[in-house]
Amino acid sequence: MLQFLDPLLIVVLALNFVALGVSRIRAVIHAVAFQGMVLGFFPLFVHHDLGLRGLLLIFATVGLKGFVIPRYLLDAMREAEIQHEVSPIVGFASSLLLGALGTGLALLFSNTLPLAAEHADLLLVPASFATVWTGFLMLTTRKKAIMQVLGYLVLENGVFLFGFLLLEAMPALVEVGVLLDLFTGVFVMGIIIHHISREFSSTSTEHLTELKE
C-alpha cells in the first residue's frame with residue numbers, strides 16, 4: 001500500500017500552503033483538520049500489522065485532530081468574533097514563498113539522512129520536515145492567537161508524521177501522551193483566546209503583556 005503514500009503526502013504538503021496562504025480562519029481550521037484526518041490513517045499505509053495498538057492510535061488521532069479540536073477552535077472563533085487574520089507579521093505571499101523554500105530545503109536535507117531502504121524513496125521524511133517548518137512559520141508570523149494555535153497543530157502534525165517511522169518501536173503510552181499534550185496545549189490556548197477577546201476588541205497576541213488576573 002506504499003504506492004498510495006506519496007499522493008497522500010502531496011495532499012499534506014498542499015494543505016500546508018493552504019494554511020500559509022489563506023487569511024480566513026475558518027478555512028485554515030478546516031484545512032488543518034483535514035490534514036490531521038489524513039495523517040490519522042497513515043499507519044495503515046506505513047505498517048501492515050498494526051494490531052489493536054495501531055487501530056486505537058488511528059481512532060484517537062482522527063477523532064482528536066479531525067473533529068474534537070477543530071470543533072473547539074470553531075467555537076472559540078465564534079465566541080471571540082474573529083473571522084480573518086488581517087495583518088500578519090509576514091504577508092501571505094511572503095509566507096507562501098518561505099513555505100516553498102522550506103519545503104525545497106526539506107527535500108534536499110532528507111536526501112542526506114541515513115534512512116531505511118523502505119523509507120528512502122518516500123516523501124515521508126521531507127513532508128514531515130516541511131510540515132514542522134510550516135507550523136513554525138505560522139507560530140512566529142501570525143498575530144491572532146487562534147492562528148498561532150493552528151500553527152502549533154500543524155507543527156505537531158509534522159512531528160507526528162515523522163513518528164510513523166518509529167511506530168513499531170514507540171510504546172502506545174507515548175503515542176497517547178503526545179495526543180493528550182496536543183489537546184492540553186489547544187485547551188490552554190483556548191483559555192488565552194477567551195481572556196484576550198474579553199479584555200480587548202482584538203485577539204492579537206500583542207495584548208498578552210497587558211492581561212491582568
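Counting pairs of alpha carbon atoms under 8 Å apart in space and at least six apart in sequence, what relative contact order in percent does region 1-92 give? Provide the component values of the computation, followed by the final result.
Numbers: 71 pairs, mean separation 33.8, N = 92.
Relative contact order of region 1-92: 37 percent.
Are there any GluC sites (Glu not before Pro) in region 62-97 that are in a DSSP loop and have at most 12 other Cβ atoms within 10 Å? List them by number. Provide the component values of the computation, followed by the final result.
Values: sites: GLU79, GLU81, GLU85; in loops: GLU81, GLU85.
Counting only loop positions with at most 12 other Cβ atoms within 10 Å, the GluC sites (Glu not before Pro) in region 62-97 are GLU81.
Just so you know, all these numbers are worked out from the coordinates, no wet-lab data involved. Bear in mind that the values here come from a model prediction, so they are computed numbers and not experimental data. Ideal geometry is used to build each Cβ from the backbone, glycine not excepted, and the neighbour counts take in all protein chains shown.
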